[in-house]
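Take a look at the structure set out below.
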Amino acid sequence: MGFVGSLLGIIGFAIGIPVGLLLGFFLFIYAEPADVEDPIVRPIDEFDTSSLLDILPEIPLWIDWLNRMISYMWPYLNKAISGIIRSTTEPMFSKYTDTFQIKSVEFKSLSLGTLPPTFHGIKVHETNENELVFEPAVRWAGNPNVTLVFQLLSLEITLQLVDIQIFAAPRVVLKPLVPTFPCFGSIVVSLMEKPHVDFGLNFLGGDIMAIPSLYQYIQDTIRRQVASLYLWPQTFEIQILAGSVGTMKKPVGILQVKVVRALNLLKMDLLGTSDPYVKLSLSGDRLPSKKTSIKMKNLNPEWNEDFKLTVKDPQCQVLQLHVYDWEKVLYFVLLLIF
């Protein structure tokens, strides 16, 4: 009996293990608890601020290396960019000295501060063209110190730009790709949507941007001006290589424009009249704008003047027409300065 019992135990053990494993496998695969629900999948752009902060530690820092590099280089970039701003704007200021009663315009201080911009993502587009297209998401909450002093008649006016915030998503195109270092001929930058710009403007010891109506007016004006200059299809192009390597765009045609008339213009003068003229240009063109004659004291002027504009990119360039009042030029000059 001892032998038979041992034999039956071995046989039962040999049969029970495979049967148990097989039964457990089927129970594990096909059995499902009743209280299990499918997870809710949501795109990240639908999360609110608190939810994003909860999951941020789980998100990898894909471009943390780029932000670290910019942070290290920012003191040098600050000086270089400030120098470019100064050298670019000072000739513009000199055009208006001794005119419109403006004696001088100069920077008292020009620094972008100690806080660099940060990149929150980069999206690269694949194209069949000979170019590289990418869109970085840029945010800058900076502490610049830009002080502009200009003398109007015998009055010295000082404006200081502080505490700026800029959120933008520019499109950067490196084209054309060439076998000459740095392997691209130019950098073309445009904005795919209007950027968010907020800043403080100190005047006579107070922040004039704290005035609600003035704040909204300046915000709307900045958005319109930036959109007219850089919102797609408008572009800002920086030439990197010389035209000898085939990077310069050649004219492909001539656009003939005839400015005929304007109707029901706004009354810009105190007497209910206006002194209008029209400026014509193509976007992305560095040539000076064409300009019609000035029609004095006329709200329905007729010009019948012809102009020819050189076209270099018919798919992207846009005809721009701006009507100005001659006596209100000072307003546009001050708007450009500030």
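With the alpha-carbon atoms as the only input, what is the per residue convex hull volume for the stretch 58-245 in Å³?
Taking only Cα atoms, the stretch 58-245 has a hull volume of 174 Å³ per residue.
Considering the options Trp303, Tyr277, Gln315, tell which one lies farthest towards the positive end of the dipole of the stretch 253-327, charges being +1 on Lys and Arg and -1 on Asp and Glu at the Cβ, about the Cα centre.
The residue sitting most towards the positive pole is Gln315.
For the stretch 253-327, just the Cα atoms, rotate onto the principal axes and tell me the three extents in Å, largest first.
Extents along the principal axes: 43, 20, 17 Å.
Evaluate E = 1/(1 + (r/R0)^6) for Leu287 and Asp198, where r is the Cβ-Cβ distance and R0 equals 22 Å; express this FRET efficiency to the nearest 0.05.
Details: r = 34 Å, r/R0 = 1.54.
Calculated transfer efficiency: 0.05.
Counting Lys and Arg as +1 and Asp and Glu as -1, each charge on the Cβ, what is the dipole of the stretch 253-327 about the Cα centre in debye, to the nearest 20?
Numbers: 11 positive and 9 negative charges, 32 e Å.
Magnitude of the dipole: close to 160 debye.
Since every read-out is calculated from the coordinates, none of them should be taken as a lab result. Since this is a predicted model, take the numbers as computed values, not measurements. Methodologically, a virtual Cβ is constructed for each residue, glycine included, from the backbone with ideal geometry; neighbour enumeration extends over all protein chains shown.
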